[in-house]
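Here is the structure we will look at.
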């Protein structure tokens with residue numbers, strides 16, 4: 001029963017259950033049609049919206065959590081990069097330069113997190129909490145707390161266009177996920193990340209530059225958040241410094257935890273996080289379909305994430321079943 | 001011995017110094033800043049934050065963190081608006097019930113954290129979404145509270161002369177701070193909290209009730225958050241499900257600025273009191289100036305928090321070597 005042990009099984013089972021529920025509850029859920037050279041349908045929407053925020057944030061968050069940390073600042077970094085990109089195109093910059101500026105600043109903010117954690121030695125929660133507040137303030141300051149609308153075809157295309165019939169964000173984000181996974185597993189980088197999360201001191205003594213590893217994962221998390229912020233702004237052709245990315249950090253943590261990456265670090269599954277993000281987006285959409293007000297939607301999400309954590313909890317595992325006992329090393 | 005004592009109280013003294021410097025600078029920069037009315041308004045305006053921050057101090061002292069306080073406060077405000085306005089409960093009963101719910105919710109979080117060994121930030125982050133969502137379930141919009149009790153309470157308070165009145169909200173705040181100091185520094189529960197934050201394993205080996213203390217600490221914090229909500233309805237006569245967004249950081253910042261160490265075990269409730277006043281003074285300065293972008297408030301509190309954590313690091317490093 002090796003299949004049952006895989007961390008991917010449970011999020012997939014949950015996803016299938018949700019999909020079956022939707023198939024019964026809302027007819028036409030799986031209806032997909034080809035129009036104007038691209039795919040349309042609810043399932044495509046789930047992939048599109050899921051890729052744009054939760055999946056992208058979860059990519060960076062997975063690696064951060066794998067090192068035993070957490071990044072609470074992703075929502076605010078989204079707001080900063082979205083605002084920067086919007087202001088750049090309004091100032092007449094070409095799309096590539098605008099996106100580059102947004103991503104650059106976002107990566108820089110992520111690296112600041114990394115320096116505070118890896119070099120100064122702050123707790124990840126605190127360093128990124130500071131960035132969460134200061135970053136949101138920075139976004140407000142840059143924009144004068146005003147929404148920044150823009151009209152730029154190529155920037156909007158990033159979120160609403162299509163490549164080979166698929167929405168651009170889906171191609172972009174899944175591509176990034178595959179490349180990231182490939183690089184991490186084909187080089188020693190993934191191992192270094194897991195070693196750092198498992199036992200930082202031992203890893204350092206074994207010659208791994210744990211400081212550099214942590215710096216890199218927070219920088220990468222900032223980069224992912226930055227891309228997500230640009231896509232969010234591009235989607236509605238406006239950057240709202242107060243709303244973009246608000247409370248999205250929980251979505252990212254949700255996707256990562258649901259995907260089987262342990263919060264204690266030392267192990268990660270990018271594929272799990274991708275499935276976790278799809279699970280989250282499907283759950284969100286299901287709630288909307290069942291006429292749950294958007295503001296109330298966090299309640300069931302919070303319940304699910306707590307339930308998942310309880311399932312991961314050593315106490316509960318010890319009580320219910322020797323099946324899940326770790327193999328003695 | 002003298003040096004150890006000095007370095008221990010150093011964060012607290014630094015906090016006091018920053019507060020005095022801020023006030024002096026503001027007094028020099030703006031006319032009429034140094035007046036009893038401004039100070040009184042600061043207390044009135046920040047009373048809810050002050051109460052929430054006292055609860056947060058206990059949680060941080062125990063080595064934990066509670067991100068749900070803002071949401072619990074928001075829930076309390078709409079709960080009060082609903083049961084007083086909609087169901088016709090008497091206001092005092094509703095307030096007691098609200099604080100009871102806050103305590104219960106906090107204790108539940110503490111139990112989950114302790115029993116299932118799930119990180120506190122995750123449980124309380126989920127708690128934050130739960131409470132915020134429930135606030136929207138109770139009422140999706142801001143609701144006015146119309147109650148004779150509220151009107152009556154609004155006019156009462158401690159007269160300070162010159163027509164100044166210390167209203168019930170800030171009065172409650174001062175009482176909570178005093179009570180917090182007594183509990184933290186003068187009771188068995190307080191000692192257990194410090195012991196738990198200092199080193200959980202040794203606390204358990206000494207036979208201290210680690211579980212009960214942790215559940216109690218989160219209960220205190222939840223109760224304080226709910227009381228903050230009560231005070232906020234007293235000040236604004238309304239309930240609003242969006243109130244208190246980002247409050248958790250302000251409360252954490254107040255505690256840390258006041259010298260409470262984030263890893264637990266060391267700190268003062270009185271320091272938190274000073275921390276709240278510092279944050280309040282910055283806000284007052286921004287209000288006074290009018291030309292400064294309100295976004296600076298976030299950046300300033302983030303920067304100040306960072307500065308004080310770095311100061312603590314520096315002190316810790318010196319006392320080790």
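What full-extension length gain, to one decimal in nm, is calculated for residue B:288 and residue B:313 as 0.36 nm per residue of separation minus the Cα-Cα distance?
5.6 nm
Order of A:117, A:236 from fewest to most other C-beta atoms within 10 Å?
Going from sparsest to densest Cβ surroundings: A:236, A:117.
Rounded if a/c is under 1.5, else prolate if a/b is larger than b/c, else oblate: which is segment B:1-114, with a ≥ b ≥ c the root eigenvalues of its Cα gyration tensor?
oblate
For chain B, modelled as a GNM with alpha-carbon contacts under 10 angstrom, which of B:102, B:267, B:303 fluctuates the most?
Answer for the Gaussian network model of chain B: B:303.
Among B:107, B:95, A:147, A:131, what is the fewest-to-most ranking by other Cβ atoms within 10 Å?
The order, fewest Cβ neighbours first, is A:147, B:107, B:95, A:131.
Please give the FRET efficiency for residue B:189 paired with residue A:182, using the beta carbon to beta carbon distance and R0 = 60 Å, rounded to the nearest 0.05.
0.65
With every atom except the alpha carbons ignored, what do you get for Rg and Dmax of segment A:40-94, in angstroms?
Every Cα atom of segment A:40-94 included, Rg and Dmax give 14.8, 42 Å.
Only Cα pairs within less than 10 Å get springs; with that Gaussian network setup on chain B, which residue of B:229, B:211, B:180 has the largest fluctuation?
Of B:229, B:211, B:180, the most mobile in the Gaussian network model is B:211.
Could you calculate the contour length gain from residue A:96 to residue A:288, that is, 0.36 nm times the residue separation minus the distance between their Cα atoms, to one decimal place in nm?
Between residue A:96 and residue A:288, full extension yields 65.6 nm more.
Pop a pseudo-label 7 angstrom from the Cα along the beta-carbon direction at both residue B:174 and residue B:32 and give the gap in nm to one decimal.
My value for the distance between the label points is 2.4 nm.
For every helix of n ≥ 4 consecutive DSSP H residues, a contribution of -39,500 (n - 2.57) applies; sum these over the protein assembly as shown, divide by its total residues, and give [θ] at 222 nm rounded to the nearest 500 deg cm²/dmol.
Value at 222 nm, helices only, nearest 500: -23500 deg cm²/dmol.
May I have the pair-distance distribution P(r) for segment A:40-319, computed from all Cα-Cα distances with 10 Å bins from 0 and rounded to whole percent?
Values per bin, smallest distances first: 7, 30, 36, 21, 5, 1, 0.
With no solvent and one point on each alpha carbon, what is the Debye value of log10 I(q)/I(0) for segment B:80-119 at q = 0.16, 0.17, 0.23, 0.30 Å⁻¹?
Debye curve over Cα of segment B:80-119, log10 I(q)/I(0) at q = 0.16, 0.17, 0.23, 0.30 Å⁻¹: -0.50, -0.53, -0.68, -0.89.
Identify which of A:222, A:135, A:144 has the largest mean-square fluctuation in a Gaussian network model of chain A, with springs joining Cα atoms closer than 10 Å.
A:144
Quick one: grab the alpha carbon gyration tensor of segment B:82-236, order the square roots of its eigenvalues as a ≥ b ≥ c, and give me rounded if a/c is under 1.5, else prolate or oblate depending on whether a/b is larger than b/c.
Note, shape of segment B:82-236 comes out oblate.
Please work out the FRET efficiency for the pair residue A:108 and residue A:24, using the Cβ-Cβ distance as r and a Förster radius of 51 Å; give the result to the nearest 0.05.
The pair residue A:108/residue A:24 has a calculated efficiency of 0.60.
Quote the FRET efficiency, to the nearest 0.05, computed for residue B:142 versus residue B:235 with a Förster distance R0 of 22 Å and r equal to the Cβ-Cβ distance.
About 0.95, to the nearest 0.05.
Sorted from largest to smallest, which semi-axis lengths in Å does the alpha carbon gyration tensor of the protein assembly as shown give for its equivalent ellipsoid, taking the root of 5 times each eigenvalue?
Ellipsoid half-lengths, sorted descending, are 39, 29, 27 Å.
Among B:111, A:34, A:10, B:268, which comes first, then next, by fewest other beta-carbon atoms within 10 Å?
Ascending Cβ contact count within 10 Å gives the list A:34, B:111, A:10, B:268.
Return a whole-number percent for the relative contact order of chain A, with Cα pairs under 8 Å and 6 or more residues apart as the contact set.
32
When a/c reaches 1.5 or more, the comparison of a/b and b/c decides; with that in mind, is segment B:10-320 rounded, prolate or oblate per its Cα gyration tensor?
Oblate is the answer for segment B:10-320, as a/c is 1.5 or above yet b/c matches or exceeds a/b.
Below 8 Å, C-alpha to C-alpha, sequence gap of six or more: please give me the relative contact order for chain B in percent.
Computed value for chain B: 34 percent relative contact order.
Laboratory data are not the source of any read-out in this text; all were calculated from the coordinates shown. Here the structure is a predicted model, which means the values were calculated and not measured. Neighbour counts are summed over all protein chains in view; Cβ atoms, including those assigned to glycine, are modelled from backbone coordinates with ideal geometry.
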